[in-house]
1. Just to be sure before I move on: is S141 at pLDDT below 95 and either over 20 Å from N94 (Cα atoms) or of a type in the set (G, A, S) (or both) in the structure I sent?
2. Between a first residue in region 218-238 that is not assigned by TED's automatic domain parsing to the domain that holds N191 and in a loop (DSSP other than H, G, I, E, B) and a second residue that is exposed (fewer than 13 other Cβ atoms within 10 Å of the Cβ) and of a type in the set (F, W, Y), which pairs have beta carbons less than 9 Å apart while being 6 or more apart in sequence or on different chains?
3. State which residue is surrounded by the most Cβ atoms within 10 Å (Cβ to Cβ) when the search covers only region 218-238 and only residues that are over 28 Å from the mean Cα position of the chain (by Cα) and within 14 Å of V194 (Cα to Cα).
4. How do the pairs read when you match residues in region 136-154 that are on the phi < 0 side of the Ramachandran plot and in contact (Cβ under 8 Å) with a residue 12 or more places away in the chain with residues anywhere that are surrounded by 11 or more Cβ atoms within 10 Å (Cβ to Cβ) and not in a helix (DSSP H, G or I), using Cβ under 7 Å and keeping only pairs 6 or more apart or on different chains?
5. Tell me, please, whether a residue that is surrounded by 13 or more Cβ atoms within 10 Å (Cβ to Cβ), part of a helix (DSSP H, G or I), of a type in the set (D, E, K, R) and modelled with pLDDT under 95 can be found in region 97-114.
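The values are calculated or read from the model by the stated rules, or taken from the named source; none is laboratory data. Quantities reported herein were computed from a predicted structural model and do not represent experimental measurements. Note that we place each Cβ from the backbone using ideal geometry, even for glycine, and neighbour counts take in every protein chain shown.
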Amino acid sequence: MYTLLDFSNIDKKSKYSIPIDIKQKIQILCKQIGAEPVFTIIVQEKKTIQDCIREMNKLTNENKNVQIPLILEILENICVDDFIPSFFNMVHKNVFSSKVYAELFNHFKWPIFHDAFSVHYDKYSESFDTIQIVDSADYDSFCEMNLVHYQRRTFTHFIVNLDSKIYYDRTVSMVFSKIDEYLDKDKDIMNELVEILFILNPTDVNSKTKIKTLSTLNPSEYKGINYKIIFRFMDILK
């Protein structure tokens, strides 16, 4: 059994320091119950683009209540225009953080972020006119095109998580239009379109009716349909 003296000696010898994010959470809890924490938090002032990127890299759904206010505070002290390219670069490259990135975006009070989103959305929409499937034999081009597909899918997740009905409905309509266009043209491009539709997962009656109709098509009658695509339509209906 440890005595109070033992604990005191252990405390003096231990080099362990509670991480700052844990201390911040303890401080929040203390304030909620009206208690004073037994430690002080010395936070180095953060006011650069790199500071903002670094904190955004730490952002998770678990720590968002601490990280989002911290990121917003840093943005108050920098030129937000300079942070925009970094923000959307991270949005395009990290699908796993899409939901919390969208939540962060919804906290942005600067109109320029929303203007930038519109620009990125326009580029995203235009990418549906130039979908390409590259043979793996051309390895460099194959990897480059796979990255384009990945970033298109990741931005689609971001659109879904933004909860913007205008942009969401516009995207669903565009994808259905492209599916109609490629229905009798190209299976590989159709497969990419169906994957985007799977991410969007529209649940309105009209969309479900259209997807159900697509899922009953006969692959032998359409150049842009195979059974893999049919099964993917069925997955969306589940």
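1. On the way: at pLDDT below 95: yes; either over 20 Å from N94 (Cα atoms) or of a type in the set (G, A, S) (or both): yes.
Yes; evaluated as a whole, the condition is true for this residue.
2. Listed pairs, sorted by first residue: none to list.
3. Keep residues of region 218-238 that are over 28 Å from the mean Cα position of the chain (by Cα), which gives 218-227.
Then drop every residue that is not within 14 Å of V194 (Cα to Cα), which leaves 224-227.
Values: G224: 22, I225: 24, N226: 16, Y227: 8.
Here the residue is I225.
4. Every condition considered, the pairs that remain are M145/Q132; M145/V134.
5. No, that holds for no residue.
Let's see how each residue does on (1) under 25 Å from L214 (Cβ atoms); (2) among the aliphatic types (A, V, I, L, M); (3) in the same structural domain as F96 (by TED's automatic domain parsing):
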site: E144; (1), (2), (3): no, no, no
site: T154; (1), (2), (3): yes, no, no
site: I159; (1), (2), (3): yes, yes, no
site: D169; (1), (2), (3): yes, no, no
site: V172; (1), (2), (3): yes, yes, no
site: S177; (1), (2), (3): yes, no, no
site: Y182; (1), (2), (3): yes, no, no
site: K187; (1), (2), (3): yes, no, no
